[in-house]
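Shown next, in structure tokens, is the structure this report addresses.
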Amino acid sequence: MKDVIYISGHKNPDTDSICSALAYADFKNKTGNIPAIPVRLGELSRETQFVLDYFGVNSPELIDTVRTQIQDLKFDSVIPICPDISLKMAWSIMKKNNVPNLPVVDEGDKLVGLASLANITSTYMDIWDTNILSKSGTTLENIVETLSAKCIYVSDKINNFKGKIVVTAMQPESARELIEEGDIVICGDREDAQEIILDCKASLMIITGKHEVTEKIIEKAKEISCSIIMTPYDTFTAARLVPQSVPVSYVMTKDNLVVFNNDDLVDEAKEKMLQTRFRSYPVVDNDGKILGSVSRYHLISKNKKKVILVDHNERTQSIPGLEDAELLEVIDHHRIGDIQTGLPIYFRNEPVGCTATIVASIFFENGIRPCRKMAGLLCAAIISDTLLFKSPTSTNADRLMLKRLSEIANINPEKFAEEMFKAGTSLQGKTLDEIFNQDFKVFNIGSLKVGVGQVTTMDTEGFQSMKEDMLKYMENKTNDEGFNLLMLMVTDLLKDGSELLVTGDEKYLVSKAFNVQLDGKTVYIPGLMSRKKQVIPPLTAAVNESK
């Protein structure tokens, strides 16, 4: 299995989630032996994209699961073959590489069939008729290669043969009754027999035994465009070998192939293998190009993917398939959630305003100075998560770390924050779905399923025109996904407060938690800036009091 560590933030990633994953991957790559790859679970917000563009950093790879996939296994590399090579050549390649089958690919390396030992050996058991070379479209090149032959004369008019195979093991005059125009004829060194073959207008004459061919015969062959080749084999051997010149495309398996894509899940591949009896299976990419082959042996050696979580520690917010992965670390600043592990792990959770503050601390604690780009990403994350210290989650640790990092990144935090918030808070051109889900998290509070999204903007007036449509969107989401309570915080950076939009059967909990009266399904709460510190704790308390 490819030995890498995936570092992932939460679903619907915010700037802290993305930047912390990128920076911590950079730290792990500087200090560890296993490559660390930052990944994301959703699309980037405008704010986050602005940050990455500003510091010239590529977005993390988007993945949708950490369950083991075929691409994670060390499956076998293969030698693909083209459809027109001979059976003899295919057999030789299989023996040389000790493989039971070979993928057959077109000019673009896309899989078109599978040639197996079973395909080839069955041809020796089947009694093919004498027209097999014609039916299969065998070329002269294949016949020459199969018979280790030497070309005496090759007609430029004929390459594919339409006639049958004839062995002239009889008197020359008797052969005249068997040979028809266009036939492929195997003969010896008798010149009288060769002349009769040419009189009958054969398309190919195969002379066995390394005998010389007279100029008279060659000239006559040219007149009727009959190619002549000479094989060192005797007549019996030549007759036995000729069918092996058939192109592999004639016998390969084309239909009902069991093929795996490189991103197929290993568990699903195992189920398919249990229903079949093949020794190995082709592996292709999303374009159908062959990558290798996989067998049951590779599945036995399956290992779990290694994962580090940043900026979250709740299963509902994390990557699908986490239960099948090996969780190594958690770096977070939120409440302790419900993720469980089978073995002890490194779990670092601190009551600071941003995960990036913790990640930066890890750099400095290990005597490593983050580069300018990583320092800039960490600065942006701290500014974003603390709303430039307007959020009550802000701590002195965040302030001190931003000061230290901004010197390395060579930015003015206040000026950068203004540019970043302007780029990230505009709602123009966004759909309801994009607005609601750009920073949305699901919480299990007691027996209730609670969802809380947050939109931080300087354009609250622009939001007012879409408020009713947003409430309808939330009602549908509540019903479709079974939420007991669904909330959207529209946080106004200018007024330092948030308007709450609320749907769900348990919306009375909002009044109880914040000691406010809902105006239908909305309420404005001054000073409400933090979901983590000002929303989830009082909601949890309200749920517990209602039991």
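Here is a list: Leu117, Leu102, Leu73, Leu87. Which entry is in contact with a Ser or Thr (Cβ under 7 Å, 6 or more places away or on another chain) and hydrophobic (A, V, I, L, M, F, W, C)?
Leu87
Just to verify a result, which residue in the stretch 377-420, among those that are polar (S, T, N, Q) and touching a residue at least 60 places away in the same chain (Cβ under 8 Å), is farthest from Ala21 (Cα to Cα)? Can you show your working first?
Narrowing the stretch 377-420 to residues polar (S, T, N, Q): 384, 386, 391, 393-396, 406, 410, 412.
Adding the requirement that they be touching a residue at least 60 places away in the same chain (Cβ under 8 Å) leaves 384, 391, 393.
Details: Ser384: 15, Ser391: 22, Thr393: 20 Å.
The residue in question is Ser391.
Sort through Met420, Met458 and tell me the only one that's hydrophobic (A, V, I, L, M, F, W, C) and buried (at least 21 other Cβ atoms within 10 Å of the Cβ).
The unique qualifying residue is Met420.
Out of (1) in contact with a strand residue (DSSP E or B) (Cβ under 6 Å, 6 or more places away or on another chain); (2) part of a loop (DSSP other than H, G, I, E, B), the odd one out for Leu102 is which?
(2)
Could you list all residues from the stretch 339-365 that are within 24 Å of Phe443 (Cα to Cα) and loosely packed, with under 11 Cβ neighbours inside 10 Å?
Gln340, Gly342, Tyr346
Where in the stretch 340-448 are the helices (runs of 4 or more DSSP H), entirely inside, with at least 1 residues that are of a type in the set (D, E, K, R) and in contact with a Leu (Cβ under 8 Å, 6 or more places away or on another chain)?
The helices (runs of 4 or more DSSP H) meeting that bar are 413-425.
Could you list all residues from the stretch 512-547 that are surrounded by fewer than 17 Cβ atoms within 10 Å (Cβ to Cβ), under 28 Å from Leu427 (Cα atoms) and not aromatic (Phe, Trp, Tyr)?
Once the filter is applied, which keeps residues that are surrounded by fewer than 17 Cβ atoms within 10 Å (Cβ to Cβ), under 28 Å from Leu427 (Cα atoms) and not aromatic (Phe, Trp, Tyr), the stretch 512-547 yields Val516, Gln517, Leu518, Asp519, Gly520, Thr522, Pro526, Gly527.
Within the stretch 155-180, how many residues turn out to be of a type in the set (Gly, Ala, Ser) and exposed (fewer than 15 other Cβ atoms within 10 Å of the Cβ)?
Residues meeting the conditions: 2.
Results for (1) more than 23 Å from the chain's Cα centre (by Cα); (2) assigned by TED's automatic domain parsing to the domain that holds Glu314; (3) surrounded by fewer than 22 Cβ atoms within 10 Å (Cβ to Cβ), shown as yes or no for each residue.
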| site | (1), (2), (3) |
| --- | --- |
| Ser17 | no, yes, no |
| Tyr24 | yes, yes, no |
| Ile37 | no, yes, yes |
| Phe55 | yes, yes, yes |
| Ser59 | no, yes, yes |
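Given the conditions (1) assigned to a loop (DSSP other than H, G, I, E, B); (2) among the hydrophobic types (A, V, I, L, M, F, W, C); (3) farther than 21 Å from Phe421 by Cβ, and given that Met529 satisfies all but one, which numbered condition is not satisfied?
All conditions are met except number (3).
Being crowded, with 21+ Cβ neighbours inside 10 Å and out of contact with any Pro (no Cβ under 9 Å at 6 or more places or on another chain) narrows it down to one residue among Lys472, Lys441; which is it? It would help to see each step written out before you state the result.
Working: Lys472 fails: crowded, with 21+ Cβ neighbours inside 10 Å.
One residue alone meets the criteria, Lys441.
Keeping to the stretch 261-283, report how many residues are farther than 18 Å from Val99 by Cα, touching a residue at least 40 places away in the same chain (Cβ under 8 Å) and not in a loop (DSSP other than H, G, I, E, B).
5
Could you please find all residues in the stretch 155-167 being under 23 Å from Leu241 (Cβ atoms) and either in a loop (DSSP other than H, G, I, E, B) or modelled with pLDDT of 85 or more (or both)?
Going through the stretch 155-167, the residues under 23 Å from Leu241 (Cβ atoms) turn out to be 155, 158-167.
Passing the criteria: Ser155, Ile158, Asn159, Phe161, Lys162, Gly163, Lys164, Ile165, Val166, Val167.
Could you check the stretch 168-256 for helices (runs of 4 or more DSSP H) lying wholly inside it with 2 or more residues that are touching a helix residue (DSSP H, G or I) at 6+ places or on another chain (Cβ under 8 Å)?
172-176, 191-199, 215-224
When you go through Val510, Val543, Val490, Val516 one by one, which is the residue that is among the hydrophobic types (A, V, I, L, M, F, W, C) and in a strand (DSSP E or B)?
On inspection, the qualifying residue turns out to be Val490.
Name, by its number, the condition in (1) of a type outside the set (Lys, Arg); (2) in contact (Cβ under 8 Å) with a residue 60 or more places away in the chain; (3) in contact with a Leu (Cβ under 8 Å, 6 or more places away or on another chain) that does not hold for Val185.
(2)
Among the candidates Ala325, Ala356, single out the residue that is in contact with a strand residue (DSSP E or B) (Cβ under 6 Å, 6 or more places away or on another chain) and under 30 Å from Asp72 (Cα atoms).
Exactly one of Ala325, Ala356 is in contact with a strand residue (DSSP E or B) (Cβ under 6 Å, 6 or more places away or on another chain) and under 30 Å from Asp72 (Cα atoms), namely Ala325.
What's the total number of residues in the stretch 26-57 that are polar (S, T, N, Q) and part of a loop (DSSP other than H, G, I, E, B)?
2
Return the residues of the stretch 268-327 that are charged (D, E, K, R), closer than 22 Å to Ala21 by Cβ and in contact with a Leu (Cβ under 7 Å, 6 or more places away or on another chain); say none if nothing qualifies. Before you say what the answer is, go through the steps one by one.
Start the filter on the stretch 268-327 by keeping residues that are charged (D, E, K, R), which leaves 268, 270-272, 277, 279, 285, 287, 289, 296, 302, 304-306, 311, 314-315, 323-324, 326.
Now drop any that are not closer than 22 Å to Ala21 by Cβ, which leaves 304-306, 311, 314-315, 323-324, 326.
Lys306, Arg315 - these are the residues of the stretch 268-327 that are charged (D, E, K, R), closer than 22 Å to Ala21 by Cβ and in contact with a Leu (Cβ under 7 Å, 6 or more places away or on another chain).
The values are calculated or read from the model by the stated rules, or taken from the named source; none is laboratory data. Note that the structure is a prediction, hence the values are computed from the model and not measured. Quick reminder, even Gly has a Cβ in these numbers, built from the backbone with ideal geometry, and neighbours come from all protein chains shown.
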